[in-house]
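See structure below.
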Amino acid sequence: MVFSTLKEVLDRARDGKYAVGAFNINNMEIAKAIGGAAKEERSPVILATSPSAIKYAGIEYIYEIARVTAAKSGVPTVLHLDHGTTFEDCVKCIRHGWSSVMFDGSKLPLEENISQTAEIVKIAHAAGVSVEAELGRLAGVEGHVSVAERDAIFTNPDEAKLFVERTGVDALAVAIGTSHGAYKFKGEAVLDFPRLEKIERLVNIPIVLHGASGVPKDVLEKAAKYGARLPGAAGVPDEAIRKAISLGVAKINIDTDIRLAMTAAIRQVLAEHPEEFDPRKLMGPAEDAMKAVAKGKMQLFGSSGKA
C-alpha cells in the first residue's frame with residue numbers, strides 16, 4: 001500500500017513526543033511543495049483533502065496527485081479526508097484508496113456524534129483505514145471569556161474519554177481555543193492548556209490540533225506589500241505549538257500558512273512582472289514559498305528526521 005495509515009504515523013509520533021503536520025492539498029503545486037519538504041526533511045507527512053478540495057480537483061485527480069507525491073517523497077505518507085461531515089464523504093474516500101478519514105460530527109449532539117462515528121469506525125477499520133473524530137467547536141477566544149463560555153465551546157475532558165471508549169477512534173481532534181482561517185484571535189492568543197492536559201490523561205490515543213497555522217508576520221508583510229488586504233490576521237505562536245506537543249498533541253493541521261505563502265509569492269511576481277502570463281512563472285515561485293513554510297513546520301513539530 002502506497003499510503004501509511006494515520007494510526008501508524010501518529011502512534012509513532014505520540015511515543016516519540018513529536019507531532020506530524022497535516023497539510024491541506026488542492027492542486028499539484030501544493031502537493032509537490034509538501035512532498036518535497038517531507039523528502040528533504042525526512043519527515044512523515046499527512047496530505048489532507050477536504051470535501052471541497054476533492055470536489056474542486058476531482059477525486060481521481062487528487063488521489064493520483066497524492067499517490068505520486070507519496071511515491072516521490074519516499075517517506076511515510078497518509079492520505080487523509082479532512083472534515084468529512086457525512087457518511088457518504090467518508091465511504092467515498094475509503095472506496096477510492098484513502099488511508100484515513102476524519103468524520104466531523106462536532107456540531108451534532110454527543111450521542112448522535114458517538115453513534116455516527118462508531119458506525120464509520122466499524123466500516124473504516126474493516127477496510128484497514130484509520131479514523132479521526134472531533135469534539136468541541138473551534139473558536140478563537142480572548143482572555144476575558146468566562147469559564148462557562150469556554151465550557152460551552154471547548155472539548156469536555158470527561159466526554160472525550162466516553163467518546164473514545166464508545167467509538168474506537170484512532171485520533172481525537174480537540175477544541176482548546178484554536179480556529180480555522182487567518183483571523184484566529186482578536187487579541188493575544190489564548191489556548192486552554194490545562195484542559196488539553198486533562199484530556200490527554202483521560203484518553204489513550206493521539207490528540208489532534210486543528211486551526212493551528214501561525215500566520216507568520218513576514219509572510220503577511222510580503223503579501224501586504226504586493227496588494228493583499230489582511231488586517232488583523234493572527235495565528236498560533238510557535239511557543240504555544242511546542243507546549244501543545246509536549247502535552248500530547250501528535251497531529252497538527254496547517255492550511256492557512258500554505259495559502260498565504262502561495263498568495264504572497266504570486267502577488268510578488270504579478271507586481272514585479274505585470275507582463276507575465278505564463279502560469280509556470282507564477283506557480284513555480286509559489287511552490288518554492290510553500291515548500292519553505294512546510295519545512296519550517298516540520299522542524300517546529302519535531303518530525304524532521306523521523307521518517
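The values are calculated or read from the model by the stated rules, or taken from the named source; none is laboratory data. Since this is a predicted model, take the numbers as computed values, not measurements. A quick note on method: Cβ atoms are made from the backbone with ideal geometry, for glycine too, and the neighbour counts reach across all protein chains shown. Side chains are part of the model used for accessible areas, which takes the heavy atoms of the whole protein and leaves out ligands, DNA and RNA. Shrake-Rupley method; radii C 1.70, N 1.55, O 1.52, S 1.80 Å.
Those residues that are at pLDDT below 95 and part of a loop (DSSP other than H, G, I, E, B), I need them from the stretch 105-139; list them, please.
Within the stretch 105-139, G105, S106, K107, L108, P109, G136, R137, L138, A139 meet the criteria.
When residues of the stretch 21-31 are filtered for being in contact with a Ser or Thr (Cβ under 8 Å, 6 or more places away or on another chain) and outside any loop (DSSP other than H, G, I, E, B), how many remain?
Total meeting the criteria: 3.
Tally the residues that are modelled with pLDDT under 95 and either touching a strand residue (DSSP E or B) at 6+ places or on another chain (Cβ under 8 Å) or crowded, with 20+ Cβ neighbours inside 10 Å (or both), restricting the search to the stretch 196-220.
Of the residues in that region, 7 qualify.
Would you be able to tell me the number of residues in the stretch 1-59 that are in contact with a helix residue (DSSP H, G or I) (Cβ under 8 Å, 6 or more places away or on another chain) and either over 25 Å from L247 (Cα atoms) or not charged (D, E, K, R) (or both)?
Counting residues in the stretch 1-59 that are in contact with a helix residue (DSSP H, G or I) (Cβ under 8 Å, 6 or more places away or on another chain) and either over 25 Å from L247 (Cα atoms) or not charged (D, E, K, R) (or both) gives 35.
Of all residues being more than 23 Å from the chain's Cα centre (by Cα) and of a type in the set (G, A, S) in the stretch 257-290, which is farthest from K225 (Cα to Cα)? Just the residue, please.
Restricting to residues being more than 23 Å from the chain's Cα centre (by Cα) and of a type in the set (G, A, S), the top hit is G284.
Report the residue count in the stretch 21-31 for those that are out of contact with any strand residue (DSSP E or B) (no Cβ under 6 Å at 6 or more places or on another chain), touching a residue at least 60 places away in the same chain (Cβ under 8 Å) and crowded, with 24+ Cβ neighbours inside 10 Å.
Summing the residues that are out of contact with any strand residue (DSSP E or B) (no Cβ under 6 Å at 6 or more places or on another chain), touching a residue at least 60 places away in the same chain (Cβ under 8 Å) and crowded, with 24+ Cβ neighbours inside 10 Å in the stretch 21-31 gives 1.
Here are I65, I34: which of them is in a helix (DSSP H, G or I), in contact with a Leu (Cβ under 7 Å, 6 or more places away or on another chain), touching a residue at least 40 places away in the same chain (Cβ under 8 Å) and crowded, with 20+ Cβ neighbours inside 10 Å?
Residue meeting the stated conditions: I34.
Just need a number here: residues in the stretch 71-91 that are touching a Pro at 6+ places or on another chain (Cβ under 9 Å) and either closer than 21 Å to K39 by Cβ or of a type outside the set (A, V, I, L, M, F, W, C) (or both).
10
I'm trying to understand the selection: among the residues of the stretch 200-225, which are touching a Gly at 6+ places or on another chain (Cβ under 7 Å) and closer than 17 Å to E159 by Cβ?
E200, I207
Look at the stretch 37-62 and say how many of its residues are touching a residue at least 12 places away in the same chain (Cβ under 8 Å) and not in a helix (DSSP H, G or I).
Final tally of qualifying residues: 9.
Does A48 qualify as being under 18 Å from D255 (Cβ atoms) and surrounded by 21 or more Cβ atoms within 10 Å (Cβ to Cβ)?
yes
I'm trying to understand the selection: among the residues of the stretch 77-104, which are within 16 Å of G128 (Cβ to Cβ), in a strand (DSSP E or B) and touching a residue at least 40 places away in the same chain (Cβ under 8 Å)?
Matches in the stretch 77-104: T77, V78, L79, H80, S100.
Looking at the stretch 1-56 only, could you name the residues that are hydroxyl-bearing (S, T, Y) and farther than 18 Å from A71 by Cβ?
Y18, S50, S52, Y56
Working only within the stretch 4-20, note down all residues that are part of a helix (DSSP H, G or I), touching a residue at least 12 places away in the same chain (Cβ under 8 Å) and open to solvent by 20 Å² or more (accessible area, probe 1.4 Å).
K7, E8, D11, R12, R14, G16 - these are the residues of the stretch 4-20 that are part of a helix (DSSP H, G or I), touching a residue at least 12 places away in the same chain (Cβ under 8 Å) and open to solvent by 20 Å² or more (accessible area, probe 1.4 Å).
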